[in-house]
Amino acid sequence: MTRTYVVTGSASGIGAATARLLRERGNVVLGVDLHDADIEADLSTPGGRAAAAAEATEHAGGTVDAVISCAGIALPIAKTVSVNFFGMTGFVTNMLPALRKSSAPRAVLVSSMASLHPNSAELVEAALSGDEAKALAIAEGLAADEVTGNLIYASTKRAISRWVRRVSVSEDWAGSGIPLNAVGPGIVLTPMTADLRSDPASVEMVNQMVPMPLHYHQPPESIAYLLIWLASEENTHMAGQTIYCDGGSDAVLRGDDIWSKYELAF
Ligand code: NAI
């Protein structure tokens with residue numbers, strides 16, 4: 001059955017691969033991006049997010065079956081918070097009315113294995129509280145220093161994975177029958193990582209931070225296939241998960257026991 005998908009970040013990398021595969025499979029895809037998209041919008045601003053959601057809903061005729069949010073940047077600047085956290089969470093929340101009209105609505109956000117990396121707890125909490133001005137002020141402070149600036153991207157991804165876990169079981173999402181999940185890629189062969197992969201010293205650093213024993217750096221399609229399944233009708237009961245599709249870096253870095261710390265006492 002043909003479904004209608006809204007894919008952000010559709011002009012490049014993971015979003016472009018996802019949009020292409022969905023179209024090849026006969027679906028209707030509305031791409032959202034700064035340029036070269038069905039809906040050209042800047043998701044870094046509240047106005048841009050609202051306009052993009054309104055336009056996507058109108059183009060879709062009121063009903064959207066799934067939202068796949070890929071748009072993001074990986075720079076040590078405050079704007080990364082506005083695009084990666086508030087851009088994704090704001091846009092997908094704005095799409096709720098159109099999703100609720102679908103008979104099998106789904107939403108998936110692209111987090112990262114960087115959600116496991118060192119981050120700023122203060123920035124993560126400010127993002128989760130929904131206070132964009134406060135989060136931006138904290139990020140400006142971090143960006144002023146080269147070392148702390150590098151915490152910004154990981155903080156946005158930790159916040160995305162925690163937000164998905166938190167809201168996926170709320171009345172808005174699970175209560176409306178909408179599975180909401182995230183994916184956590186490793187190093188993907190897209191323009192975003194071109195500089196990182198361009199010289200031996202940075203490749204060595206990246207490989208230490210993101211060890212990928214299974215098949216090494218991954219093509220965008222490796223994430224697109226997962227996003228497509230999570231956004232499909234076949235996914236009926238998954239809620240709040242970040243699925244690490246990262247060549248094994250989560251398993252290498254966190255090891256075999258990620259449960260003991262959180263034993264439940266009944
Ligand atoms: P990319 O740079 O190839 O594509 C990102 C797209 O987002 C671009 O088309 C860009 O125009 C769009 N975009 C950026 N700012 C925007 C804004 N303000 N409004 C609307 N669109 C905007 O990057 P890639 O690699 O495809 O990344 C996609 C997602 O995957 C991002 O969220 C990234 O953080 C995440 N990710 C990427 C990894 C990688 O190794 N490439 C690893 C883990 C996560």
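Under 8 Å for C-alpha pairs, at least 6 residues apart: give me the relative contact order for the chain, rounded to a whole percent.
Details: 521 pairs, mean separation 52.1, N = 266.
With pairs under 8 Å counted, the relative contact order is 20 percent.
Considering the convex hull of the alpha carbon atoms of the stretch 63-169, report its projected area averaged over all viewing directions, in nm², one decimal. Could the numbers behind the result be given before it?
Details: hull surface 25.4 nm².
Averaged projected area of the stretch 63-169's Cα convex hull equals 6.4 nm².
Filter the GluC sites (Glu not before Pro) in the stretch 131-177 to those in DSSP coil with at most 10 other Cβ atoms within 10 Å of their Cβ, and list the result.
Sites meeting the loop and neighbour criteria: Glu171.
Please calculate how many Å² of accessible area the chain carries per residue, with a 1.4 Å probe and no DNA, RNA or ligand atoms counted.
Numbers: 12320 Å² over 266 residues.
I get 46 Å² per residue for this part.
Against the longest alpha carbon principal axis of the chain, how many degrees, from 0 to 90 and to the nearest 10, is the axis of helix 132-143 turned?
That helix lies at roughly 30 degrees to the long axis.
With +1 on the Cβ of every Lys and Arg and -1 on the Cβ of every Asp and Glu, and nothing else charged, how large is the dipole of the chain about its Cα centre, in debye rounded to the nearest 20?
Working: 18 positive and 29 negative charges, 109 e Å.
Roughly 520 debye, rounded to the nearest 20.
Measure up Lys134/Lys157; Lys79/Lys134; Lys79/Lys157 against 23 Å on the Cα-Cα distance and list the ones that go over.
On the way: Lys134/Lys157 17 Å; Lys79/Lys134 13 Å; Lys79/Lys157 14 Å.
Over 23 Å apart, Cα to Cα: no pair at all.
If you take every residue apart from Ser115 with its C-beta less than 9 Å away from the C-beta of Ser115, what net charge results, scoring Lys and Arg +1 and Asp and Glu -1?
+3
Tell me the label-point distance for the pair Ile77, Val252, using the 7 Å Cα-to-Cβ offset, in nm and rounded to one decimal.
It works out to 3.1 nm between the two label points.
Let me check against my output: what whole-number percent is the relative contact order of the stretch 1-121, with C-alpha pairs under 8 Å and at least 6 apart?
Values: 209 pairs, mean separation 30.5, N = 121.
Normalised by residue count, the contact order of the stretch 1-121 is 25 percent.
Once each part is reduced to its C-alpha centroid, what is the distance from the stretch 219-260 to the stretch 7-22 in angstrom?
Their Cα centres are 18 Å away from one another.
Cα gyration tensor of the stretch 209-266, axes a ≥ b ≥ c as square roots of the eigenvalues: rounded (a/c below 1.5), prolate (a/b > b/c) or oblate? Please list the in-between numbers first.
Details: a/c = 3.92, a/b = 1.12, b/c = 3.50.
Oblate is the answer for the stretch 209-266, as a/c is 1.5 or above yet b/c matches or exceeds a/b.
Name the shape class, rounded, prolate or oblate, that the alpha-carbon gyration tensor gives for the chain, where a ≥ b ≥ c are the square roots of its eigenvalues, rounded holds for a/c under 1.5, and otherwise prolate holds if a/b is larger than b/c and oblate otherwise.
Numbers: a/c = 1.33, a/b = 1.31, b/c = 1.01.
Since a/c stays below 1.5, the shape of the chain is classed as rounded.
Please state, as a whole number in µm²/s, the translational diffusion coefficient that the Stokes-Einstein equation yields for the stretch 155-266 at 37 °C and 0.692 mPa s, with Rh defined as the Kirkwood radius across alpha carbon pairs. Walk me through the numbers on the way to the answer.
Values: Rh = 15.9 Å.
Estimated diffusion coefficient is 206 µm²/s.
Please report the accessible area of Tyr225 (heavy atoms, 1.4 Å probe, ligands and nucleic acids excluded) in Å², nearest 10.
Here the accessible area works out near 120 Å².
Would you work out what percent of the accessible area of the stretch 110-220, with all protein chains in place, is carbon or sulfur (probe 1.4 Å)? Present the calculation step by step, with values, prior to reporting the outcome.
Details: 3060 of 5320 Å².
Carbon-and-sulfur percentage of accessible area, whole number: 58.
Mind jotting down the distance between the C-alpha centroids of the stretch 97-138 and the stretch 44-81, whole Å?
13
The values are calculated or read from the model by the stated rules, or taken from the named source; none is laboratory data. In this text the structure is predicted, and so the values were computed from the model without any measurement. Glycine gets a Cβ as well: all are built from the backbone with ideal geometry, and neighbour counts include every protein chain shown. Remember, those area values only see protein heavy atoms, side chains included, never the ligands or the DNA or RNA. Shrake-Rupley method; radii C 1.70, N 1.55, O 1.52, S 1.80 Å.
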